[in-house]
Amino acid sequence: MIGDGDGGRAELDLVTLIVARSDTPPASATPEQAALLRLCVAPLSVAELSAYLNLPFSVVTVLLTDLLTAELVQARAPIVRQKVADRSLLEAVMHGLQRL
């Protein structure tokens, strides 16, 4: 999980994945926060959330920082994929295709 660092602000970037910890927004949530929580049932990046809500990245990060502080959402580092596929996997696929 990505912490709130040294200044109380979460270290969020465009590819940080956000997932809600609960299915239901609390009554104290603003309409924008409630919308974020409903969208984050499955992990979405901050960029996706910004686009879906038609809000600037800076506004979304402020909203998410409040939700992170309240422990209503969890921030995750993006999944990093290998740049080059594993050679043994490529060979297995090649041999499987040759058998067709």
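Every number in this text was worked out from the coordinates using simple rules, so none of it is lab data. As the structure is a computational prediction, the values presented were derived from the model and not from experiment. Here Cβ is always computed from backbone atoms with ideal geometry, including for glycine, and neighbour counts include all displayed protein chains.
One table, with the values for the structure above:
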quantity	calculated
Inter-label distance for LEU39 and TYR52, nm, one decimal - labels placed 7 Å from Cα along Cα-to-Cβ	0.6
Overall form of segment 22-78 per C-alpha gyration tensor (a/c, 1.5; a/b vs b/c)	rounded
Separation of the SER22 and SER88 label points, Cα + 7 Å toward Cβ, nm	4.6
